[in-house]
Amino acid sequence: MELSGAGLGVEERAAAVADAVCELVDTVTPRAWSTGAVENAADAIDMLAETLAAIDLKAA
């Protein structure tokens, strides 16, 4: 996979997503999840996977 330079703000936003995931993992316990929180996390994973697959299947 060979990608050109990222568009304006892409790297910063990707880093913010990674930071948010790390913060979530660090602050929640298995019993702290709600149905809505699980659905939101799963939706985010799906959206990221679909977006990466659109770039390149290896990226996904």
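Quick notes on this one:
- Accessible surface of the chain [probe 1.4 Å, protein heavy atoms]: carbon and sulfur percent: 60
- Acute angle (nearest 10 degrees) that the helix 35-55 long axis makes with the longest principal axis of the chain, alpha-carbon atoms: 10
- Annotation: per residue accessible area for the chain equals 87 Å², rounded to a whole number [probe 1.4 Å, protein chains only].
- Nearest-20 debye value, the chain charge dipole, Cβ charges on Lys, Arg, Asp, Glu: 140
- Furthest towards positive pole of dipole, 9, 41, 28, structure part the chain, Cβ charges: 28
- Stokes-Einstein diffusion of the chain at 25 °C, 0.890 mPa s viscosity, Kirkwood radius from Cα pairs, rounded to a whole number: 184 µm²/s.
The values are calculated or read from the model by the stated rules, or taken from the named source; none is laboratory data. This one's a predicted model, so the numbers in the text were calculated from it and none came from an experiment. Heads up, the Cβs are rebuilt from the backbone with ideal geometry, glycines too, and the neighbour counts pull from every protein chain shown. We work out accessible area using only protein heavy atoms, side chains counted, and drop any ligands, DNA or RNA first. Shrake-Rupley method; radii C 1.70, N 1.55, O 1.52, S 1.80 Å.
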